[in-house]
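See below for the structure under consideration.
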Amino acid sequence: MKEKTLSIIKPDAVAKGAIGQIIDCFTENGLKIAALKMIHMSQREAEGFYAVHKERPFFGSLTEFMISGPAVVMVLCGENAIKKNRELMGATNPAEAAEGTLRKRFATDIEKNAVHGSDAPETARTEISYFFPELEIVNA
Ligand code: ADP
Ligand code: MG
């Protein structure tokens, strides 16, 4: 099934100069880019995006990290894009991420873990519309 998912190249990976390699990984694995922009999130934007985690002990530190520098937000599109993106990303904790995954290659630690990917169709829809109006998404 053709799907869309939200991907973020987080500030740590942008700072490491890994934008190109991460995008290559997506496109070499059959995902297409339907929208892409570089943003520097405000505190409010980061807190809104991660609102589901607001009761977690790491929420303050996570949102601080997400506003620490620019990030790249993208809509990826393709067959089973949500699951495929999560597989390419690897486990949340890079220490547990499989060899060759983006988090194994580029993450610093469980918080500064290089990339975000939506985890289900409903979250993909809300997360995409959080950053992109319909007009900014092409038919990839
Ligand atoms: P994922 O991004 O793999 O879906 P979660 O939704 O559980 O993972 O968490 C969202 C983000 O919060 C993670 O990508 C990571 O940046 C951060 N995070 C998750 N767990 C921790 C933790 N134990 N300590 C610090 N940061 C964490
Ligand atoms: Mg998640």
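The values are calculated or read from the model by the stated rules, or taken from the named source; none is laboratory data. As the structure is a prediction and not an experimental result, all values here were calculated from the model. Don't worry about glycine lacking a Cβ; one is built from the backbone with ideal geometry, like all the others, and counts go over all protein chains shown. Side chains included, ligands, DNA and RNA excluded: accessible areas come from the protein's heavy atoms. Shrake-Rupley method; radii C 1.70, N 1.55, O 1.52, S 1.80 Å.
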Does at least one position in segment 24-31 carry a residue that is open to solvent by less than 30 Å² (accessible area, probe 1.4 Å), aromatic (Phe, Trp, Tyr), at pLDDT 95 or above and within 18 Å of Ala140 (Cβ to Cβ)?
yes
Read through the list (1) within 12 Å of the chain's Cα centre (by Cα); (2) more than 20 Å from Pro133 (Cβ to Cβ), then give the number of the only condition that Leu6 fails.
(2)
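Which count do you get for residues in segment 44-66 that are farther than 18 Å from Glu127 by Cβ and either hydroxyl-bearing (Ser, Thr, Tyr) or open to solvent by 50 Å² or more (accessible area, probe 1.4 Å) (or both)?
Just the residues of segment 44-66 that are farther than 18 Å from Glu127 by Cβ, to begin with: 55, 57-58, 60-61, 64.
After this cut, where a residue has to be either hydroxyl-bearing (Ser, Thr, Tyr) or open to solvent by 50 Å² or more (accessible area, probe 1.4 Å) (or both) as well, the list is 55, 57-58, 61, 64.
Count: 5.
Right, Ala18: more than 12 Å from the chain's Cα centre (by Cα) and either farther than 24 Å from Ile110 by Cβ or without any contact (Cβ under 8 Å) to a residue 40 or more places away in the chain (or both) or not?
Details: more than 12 Å from the chain's Cα centre (by Cα): yes; either farther than 24 Å from Ile110 by Cβ or without any contact (Cβ under 8 Å) to a residue 40 or more places away in the chain (or both): no.
No.
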Single unsatisfied condition, Ser61 versus (1) in a helix (DSSP H, G or I); (2) in contact with a helix residue (DSSP H, G or I) (Cβ under 9 Å, 6 or more places away or on another chain):
(2)
Given the criterion modelled with pLDDT of 95 or more and closer than 20 Å to Thr27 by Cβ, identify the matching residue among Leu62, Leu76.
Leu76
Being more than 14 Å from Ser7 (Cβ to Cβ) and assigned to a helix (DSSP H, G or I) is true for just one of Glu55, Glu99, Glu127, Glu45. Which residue is that?
Glu45
Tell me, please, whether a residue that is within 14 Å of ligand 2 (Cβ to nearest atom), under 27 Å from Gly60 (Cβ atoms) and open to solvent by less than 20 Å² (accessible area, probe 1.4 Å) can be found in segment 126-139.
no
For segment 93-124, give me each residue that is without any contact (Cβ under 8 Å) to a residue 40 or more places away in the chain and open to solvent by 70 Å² or more (accessible area, probe 1.4 Å).
Ala95, Glu96, Glu99, Lys104, Ile110, Asp119, Glu122
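For segment 67-86, indicate whether the set of residues that are free of Cβ contacts under 8 Å to residues at least 24 places away in the same chain, outside any helix (DSSP H, G or I) and either away from ligand 1 (no atom under 16 Å from the Cβ) or buried (at least 21 other Cβ atoms within 10 Å of the Cβ) (or both) is non-empty.
Residues of segment 67-86 that are free of Cβ contacts under 8 Å to residues at least 24 places away in the same chain, as a first pass: 83.
Narrowing further to those that are outside any helix (DSSP H, G or I): none.
Within segment 67-86 (the criterion being free of Cβ contacts under 8 Å to residues at least 24 places away in the same chain, outside any helix (DSSP H, G or I) and either away from ligand 1 (no atom under 16 Å from the Cβ) or buried (at least 21 other Cβ atoms within 10 Å of the Cβ) (or both)), the answer is no, since none of the residues qualifies.
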